[in-house]
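The structure under discussion appears below in the form of structure tokens.
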Amino acid sequence: MVSEEDLKSLIYLESTRAKYPWLETVAANSEEYMRMGGLLSAGGGGSSVSGKPIPSILANATGPATAVQVDRNTMTLQFDPNGADADFIRTVPIEFSNDNGISYSPAPTDGWTYTKTDTSIVFSNPDPQPPQALVRFNVDGTPYASGGAVIHRSWS
């Protein structure tokens, strides 16, 4: 049996998607495919997953290929300026990957740190040329639903 997280890691690997071009469609619609495979429940509405909605800035970022790029100058991921996303920012854990999303750790990697406010997350690294990092928000066990349970962020 393959876990949901392992399956998503495989789907988002460039080498896997290059070998199976149809995975581009699966990656773009992973929630629906996982629901069809019985890995996710259909939620209250049949085609949507129950739970609080994730912030709009994260809505279409379901993998490394669709990740939102953090501004290189400010190293800031800006959410709703009125603080509407404050609960999401506070309650949803951030996980880091330095191996292109194959594995994630709750501890920042390669010198990365971050600070959360009610409207943003500011990332920092003492290295003037910081290494690439992928960041995801793991909504598992929180009241938030993304359908796929993981949202990726990256910068390079």
message = It is to be established whether one or more residues within segment 71-91 are under 26 Å from LEU13 (Cα atoms), within 16 Å of the chain's Cα centre (by Cα) and assigned to a loop (DSSP other than H, G, I, E, B).
response = no
ask   = For ASN100, which of the numbered conditions (1) under 17 Å from the mean Cα position of the chain (by Cα); (2) polar (S, T, N, Q); (3) in a strand (DSSP E or B) fails to hold?
value = (3)
task = Give the residue that is surrounded by the most Cβ atoms within 10 Å (Cβ to Cβ), with candidates limited to residues of segment 115-134 that are touching a Leu at 6+ places or on another chain (Cβ under 9 Å) and under 18 Å from SER97 (Cα atoms).
result = PHE123
inquiry  = I'd like to know if segment 74-83 contains one or more residues that are within 26 Å of ASN100 (Cβ to Cβ) and at pLDDT below 80.
reply    = no
request  = Output the number of the condition that SER50 fails; it satisfies all remaining conditions of (1) polar (S, T, N, Q); (2) modelled with pLDDT under 75; (3) part of a helix (DSSP H, G or I).
outcome  = (3)
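Yes/no per residue for (1) farther than 16 Å from VAL139 by Cα; (2) aliphatic (A, V, I, L, M); (3) modelled with pLDDT of 75 or more:
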position: VAL2; (1), (2), (3): yes, yes, no
position: ALA18; (1), (2), (3): yes, yes, yes
position: PRO21; (1), (2), (3): yes, no, yes
position: GLU24; (1), (2), (3): yes, no, no
position: PRO55; (1), (2), (3): no, no, yes
position: GLY63; (1), (2), (3): no, no, no
position: PHE88; (1), (2), (3): no, no, yes
message = Cβ contacts < 7 Å: first residue at negative phi and among the hydrophobic types (A, V, I, L, M, F, W, C), restricted to segment 14-26; second residue surrounded by 11 or more Cβ atoms within 10 Å (Cβ to Cβ) and at pLDDT 75 or above, any location; separation 6+ or different chain. Result?
response = LEU23/THR16
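The values are calculated or read from the model by the stated rules, or taken from the named source; none is laboratory data. Treat the numbers as computed from the prediction; the structure is a model and nothing was measured. Here the Cβ is made from the backbone with ideal geometry for all residues, glycine too, and neighbour counts use every protein chain on show.
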